[in-house]
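A short write-up of the structure that comes next.
The values are calculated or read from the model by the stated rules, or taken from the named source; none is laboratory data. What you see is a predicted model; the values in this text were computed from it and never measured. Positions of Cβ are generated from backbone atoms using ideal geometry, with glycine treated the same way; all protein chains shown enter the neighbour counts. When the accessible area is computed, the model is the full protein with side chains, heavy atoms only, and any ligands, DNA or RNA have been set aside. Shrake-Rupley method; radii C 1.70, N 1.55, O 1.52, S 1.80 Å.
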Amino acid sequence: MYDMSKNILEFHDNHVKLSESEKSKLREYKTLNLGRLKDGLVEINEDEDTDYQILLDYEQGSVSMSTLTQNDNKEYDIDIAVIFDEVNIPDDPAEARKIVEAALLKKCTNFSDPPTARTNAVTVWYKDGYHIDFAVYRQRTSFWGNTYFEHAGESWTERDPVEVKNWFTNEINNQSPKKLFGATVREGQMRRIVRLLKMFSKSRLTWSLPGGFILSALVAECYQPDYHREDVAFYNTMITIYNRLDRSTDVYNPVHTDQLLNHDDKTTKKIERLKKKLEQKLDKLSDLFEYGCDEKTARKAWKKFFDHSYWSAEVIVSEMNIAKSWFNSFSADGYRLDVDVDVFFRKNGNVRLPITHGIHYIPKKKWIMFRANHNIPQPYSIEWEVYNYGDEAEEAGDTHHKHEEHNSCIHWESTKYRGPHIMICSVKRSGRTVAREVVNIDIA
């Protein structure tokens, strides 16, 4: 295999690993909002004569595990476990989350989207893509005097808020090559392999693959260390993961080994897609094993795998640009048509997301308002035609739909599917299209 170990490491350090400044910003948000939560609880206690208090708080998730990767959307999140005593928190887990939501609402003013109690956490959203997830726990004491924790999900479930971090840290320490035993690679190789796999899994806007915990569990199970080469360790681990998923796509919680992580069809499909993408893209690396492979050939091969500009000075042509070339914007007979795009948290809402179209991706689970501005006299009709690209739209059977408006220049679409999309606005008179505008939408 042609040696690109130094390049893989450089790619990881400069384009994959989250910078210390970004991590510091996330932790500043954590500290700020944890303070808001505590202050809000004080207000609730004073107003309602209650005694809600946070006993403990812990970082969770990819920030605590140091596996968060760079993301052009800045869709970074930080998970915080907040632990209450069982005697002063509602017995209904949904009500417990509502208490946290109410406390944050008292202090998180001027937010475009207010803090929201969801099934597993209470989320604070920031306009620039960051968000903070507060996972609510209660501390309990058993009959024998032992202390344990329960998480407020659909029901109270026993869970240690730091057990995943501790498991992962132990795996890194136990499995990664050590200089003491002759390794020349840097310490903590397995963590870098997790980050590289996470980077691969989000390398195409059209893909919808498993989340970080499942990817980390797969790496921990299938990791193939190499004491001297980063590229060999990554390649061999990817091959092992593919072979493992070819046998079974079931992935179990490495901490609670009887708990299936893909307990729903949606997650199972994401894992199946991961297997398929690995099969397709690992095949692109076959040139690395050919006699006479040089650095130029090797860089092209890794570019096909990661789809990142680091591996080549060539411009990567997006699927959207290719698709958009199939259609043409035009106007006839002196008519003019422009389409404005605004993004809202809710349909027909008045709280707009400050997203500049064409620069940032639009987040999922929001609403886009398209407004046709034109000088075409009545009578006319406006046809809105949507082309959706990506795994989620294909599996939902919603790759194309259209709608015709006769009395309105406004049309709403929800951001259901991750991937590139095209909106074609056509204004018609007497059955003839007299103006058309093609709009490029990227949803992440």
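Pairs over the 27 Å Cα-Cα cut-off, from the set Lys165/Lys304; Lys25/Lys202; Lys25/Lys269: Lys165/Lys304; Lys25/Lys269.
Each Lys and Arg contributes +1 and each Asp and Glu -1, all at the Cβ; summed about the Cα centre of the chain, the dipole is approximately 1420 debye.
Could you tell me the distance between the Cα centroids of the range 146-164 and the range 377-421, to the nearest Å? Cα centroid to Cα centroid, the span is 43 Å.
Between the entries [x] 21, 49, 27, 3, 0; [y] 24, 57, 18, 1; [z] 23, 46, 18, 7, 4, 2, 0, the label attached to P(r) over Cα pairs in 20 Å bins from 0, in percent calculated for this structure is [x]. Between Thr257 and Thr50, the simple spin-label model (points 7 angstrom out along Cα→Cβ) gives 4.1 nm. Taking the three principal axes of the alpha carbon atoms in the range 57-100, the coordinate ranges are 42, 19, 10 Å, sorted in descending order. His400 contributes about 80 Å² of solvent-accessible surface, heavy atoms of the protein only, 1.4 Å probe. The accessible area of Leu180, taken with all protein chains in place and a 1.4 Å probe, comes to roughly 140 Å². Solvent exposure of the range 108-225 amounts to 43 Å² per residue of accessible area, where only protein heavy atoms count and the probe is 1.4 Å. Are there GluC sites (Glu not before Pro) in the range 96-159 that DSSP puts in a loop and that have at most 15 other Cβ atoms within 10 Å, and which ones? Of the GluC sites (Glu not before Pro), the ones in loops of the range 96-159 whose Cβ has at most 15 other Cβ atoms within 10 Å are Glu154. Estimate the FRET efficiency between Arg140 and Leu32 by the formula 1/(1 + (r/R0)^6), using the beta-carbon distance for r and 35 Å for R0, to the nearest 0.05. For R0 = 35 Å, the calculated efficiency reads 0.75. Annotation: aspartates and glutamates with alpha-carbon distance below 15 angstrom to Lys296 (same-chain offsets under eight excluded): Asp3, Asp287, Glu314. Spin-label model, Lys98 to Lys266: label points 7 Å out along the Cα-to-beta-carbon direction sit 2.3 nm apart. Label point of Ser408 set 7 angstrom out along Cα-Cβ; within the range 422-440, no amide nitrogen lies under 13 Å from it.
Each label point was placed 7 Å from the Cα along the Cα-to-Cβ direction; for Asn166 and Met1 their separation is 3.4 nm. Surface composition of the chain: carbon and sulfur make up 45 percent of the accessible area, probe 1.4 Å.
3J(HN,Hα) couplings calculated from phi for the range 131-144 with the Karplus curve 6.51 cos²θ - 1.76 cosθ + 1.60 (θ = phi - 60°) are, in sequence order, 8, 10, 9, 9, 8, 9, 10, 10, 9, 10, 10, 6, 4, 8 Hz; Gly and Pro show x. A cut-off under 13 angstrom between Cβ atoms defines the neighbours of Ser331, and their net charge, with Lys, Arg +1 and Asp, Glu -1, is +2. The phi torsions of the range 373-387, fed into the Karplus equation with coefficients 6.51, -1.76 and 1.60 and a -60° offset, translate into couplings of 9, 8, 10, 8, x, 5, x, 8, 10, 10, 9, 10, 10, 10, 10 Hz, rounded to whole numbers, with Gly and Pro shown as x. For the range 178-253, the Kirkwood estimate of hydrodynamic radius, built from reciprocal distances between every pair of different alpha carbons, is 13.1 Å.
Among the protein heavy atoms, those of Trp367 account for about 70 Å² of accessible surface (1.4 Å probe, every chain in place).
With 5 Å bins beginning at zero, the pair-distance distribution over Cα atoms of the range 4-97 amounts to 2, 11, 17, 18, 14, 11, 9, 7, 4, 3, 2, 1, 0 %.
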